[in-house]
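To keep things clear, I will list the structure first and then write my remarks on it.
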Amino acid sequence: MLGKLMKYEWKASWKLLLPMNLFIVVTSLFAYVTIQLSFFDSESALVIMTGTFVMMAYVLSLIVVFIVTMIFLVYRAYKSVYGDEGYLLHTLPVDKHHIIIAKVVMSAVWMLINIFLIYSSIVFIVSTQNEFMENILEGFSYYAELVNEYGDINGFDIFMTFVAAFVTLIAKILKFGACISLGQLSSNHKVLTSFGFYYGIHFVQKIFDMLHLVFLEVMLESGVNTAATPASLSVGSSWAFDLISNLIYCVAFYFATWYVMEKKLNLE
Amino acid sequence: MVPVVQCMGLTKTYGGKLALNQIYLNLEPGKIIGLLGPNGSGKTTLIKIMNGLLKPTAGEILIGGHRPGIETKYRISYLPERTYLHPGLKVIEMVQYFQDFYPDFRTERAFDMLHRLQIPPNERLKNLSKGTKEKVQLILVMSRDADLYVLDEPIAGVDPASRDYILNTIVSNYNRNATVLISTHLIADVENILDEVVFIKYGNIILQAPAEQIRQREGKTVDRFFREVFAC
């Protein structure tokens, strides 16, 4: 049943999200051509204006597509689970766990496609600017030198940083699901309550982040951990904190969503 | 014989407002039952609790001896009073959807009914009128071989000319061992197909009796009797 739920989740979203994300590719190509043809070195005001327009459209497309993808996924989750379509979804003979997993997996797929396209597009465009690219590479090598001066950051740390980033993405998706679900506990102001939960949870998360920074600062200043260098402590502690905290968030948000769907469902 | 539906002290309140008041109700298999009451009497609330879309405040409901859950969803074919189909999908995709999730779904039956009602399978739902969407939903629901069909206002949104066809569809397509529960306030239209009626008023079951018994005892149609009982 999980596979079937994911299939229909994809069917319900690809018609909007796929063309929209492909739009990033199109605007990137236009921006690339504009740069390659040196529109900004032209003496014609019209050509410069066209170049400016294309670059503005490119930057806007990245921002708009990212925001619209997010809004669509949240809106779709709300509408298909607690809106009219929820009458069908919740009368299917499927486990609530499968409903949550299907939605989270498909949302993660779309967010990863979106993030990958945006990053790839930026790298693609920036790579056309040799001078700019050189500055960036110089910056990276300077950072690498700085890090090496302090000590050891290995491939494991880098890999775990990516793992932590992925878990953070899942936690963010589950956070939206949990807030929408918890909002359903209100009898009159469901959407408003969802926003309330979102900002309340966000506030608590920020306090934990600050406590982590304070802890890190104290560790670095007191030199408590002699085995760890400042750099490894900073990077290692950073992914470890992100990974552990977001795994806890994932579990909490997942079960909050499941609890409302299984025990407190009220499609009024 | 285990009742198809058993309500035991079923109560539901919305923010302090009583929607169902300690209902005790047994529905037997093999009957077409009308759940009749005016707007706001608690019909839809009762139906939603049967389908697990609402949780009761107190009491218990059993469907074929089970609490609402995955097991009961295999057995109930539910038509809500609203459009629940994804507007971006085609009619044929919704047929495949039901086929994918319900093992008792009969695809040929669905296509046959779509053909008879001249509903194009390749049309997107968003391009169909409200009445046609309701017909599509009814076709999907009646194409299952379920133990219990729960139809919430199945004829309210369709034109009178189509009502006879829809009622005929209900009568001719349901499994004879199954129960059909029809919630409506358009009693005159459904009266002829009902075996039993349940009157509900302000969240209380005030009558449960065979339709024929009411006609003989009261000397009037169920519709006329209903109008007297629920007169404002």
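Report the per residue volume, in Å³, of the convex hull enclosing the C-alpha atoms of the protein assembly as shown.
Roughly 204 Å³ of hull volume per residue.
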### Query
Taking chain B as a Gaussian network, Cα atoms linked when under 10 Å apart, which of B:GLN118, B:GLN137, B:GLN99 shows the biggest mean-square fluctuation?
B:GLN118
### Summary
Ordering B:108-114, B:65-71 by per-residue average of other C-beta atoms within 10 angstrom, highest first, gives B:108-114, B:65-71
### Query
Which pairs, out of A:LYS175/B:LYS73; A:LYS103/A:LYS172; A:LYS190/B:LYS73; A:LYS7/B:LYS133; B:LYS17/B:LYS48, put more than 19 Å between their alpha-carbon atoms?
A:LYS175/B:LYS73; A:LYS190/B:LYS73; A:LYS7/B:LYS133
### Other protein chain Cβ atoms within 10 Å, averaged over every residue that makes up B:84-92
4
### Surrounding net charge for A:TRP10, when Lys and Arg each add one and Asp and Glu each subtract one, Cβ distance under 14 Å
+3
### Task
Would you mind getting me the FRET efficiency between B:TYR165 and B:HIS185? Use the beta-carbon distance for r and R0 = 22 Å, nearest 0.05.
0.60
### Summary
The whole-number value in µm²/s of the Stokes-Einstein translational diffusion coefficient for the range B:1-127, with Rh from the Kirkwood sum over alpha carbon pairs at 4 °C and 1.567 mPa s, is 77
### Message
Charges at C-beta only: +1 for Lys and Arg, -1 for Asp and Glu. How large is the resulting dipole of the protein assembly as shown about its Cα centre, in Debye rounded to 20?
### Response
2180
### Ascending count of other beta-carbon atoms within 10 Å, so fewest first, for A:CYS250, B:CYS7
A:CYS250, B:CYS7
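Take the Cα atoms of the range B:36-92, build their convex hull, and give its volume per residue in Å³.
Values: hull volume 7.7 nm³, N = 57.
That works out to 135 Å³ per residue.
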### Message
How high is the relative contact order of chain B? Use alpha-carbon pairs under 8 Å, at least six apart in sequence, and give a whole percent.
### Response
26
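Send over the Kirkwood Rh of the range A:1-128, from the inverse of the averaged 1/r over different Cα pairs, rounded to one decimal Å.
Kirkwood radius, the range A:1-128: 16.6 Å.
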### Kirkwood hydrodynamic radius over Cα pairs of the range B:5-229, then Stokes diffusion coefficient at 10 °C and 1.306 mPa s, in µm²/s
88
#### Entry: GNM top mover of B:ILE214, B:ILE170, B:ILE76 - chain B, alpha-carbon springs below 10 Å
B:ILE214
### Query
Across 10 Å bins from 0, what is the distribution of all Cα-Cα pair distances for the range B:65-134, in whole percents?
18, 48, 28, 7, 0
### Query
Extension gain A:VAL218-A:ALA165, at 0.36 nm per residue separation less the Cα-Cα distance, in nm?
16.6 nm
### Query
What is the mean number of Cβ atoms from other protein chains located within 10 Å of the Cβ atom of each residue in peptide A:89-97, rounded to a whole number?
6
### Query
Taking every residue in A:4-10, how many Cβ atoms of other protein chains lie within 10 Å of its Cβ, on average?
2
### Query
Picking from A:THR91, A:THR27, A:THR69, which is most flexible by a Gaussian network model of chain A using Cα springs under 10 Å?
A:THR91
#### Entry: Directionally averaged projected area (convex hull, Cα atoms, chain A), nm²
18.7
#### Entry: Exposure proxy ranking, count of Cβ atoms within 10 Å, fewest first, for B:ARG106, B:ARG227, B:ARG144
B:ARG227, B:ARG106, B:ARG144
### Neighbour-count ranking [beta-carbon atoms within 10 angstrom, fewest first] of B:ASP159, B:ASP147
B:ASP159, B:ASP147
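The numbers here are math on the coordinates, done by the rules we state, and not lab data. For clarity, every value in this text was computed on a predicted model and none was experimentally measured. All Cβ positions, even for glycine, are placed from backbone atoms using ideal geometry, and neighbour counts span all protein chains on display.
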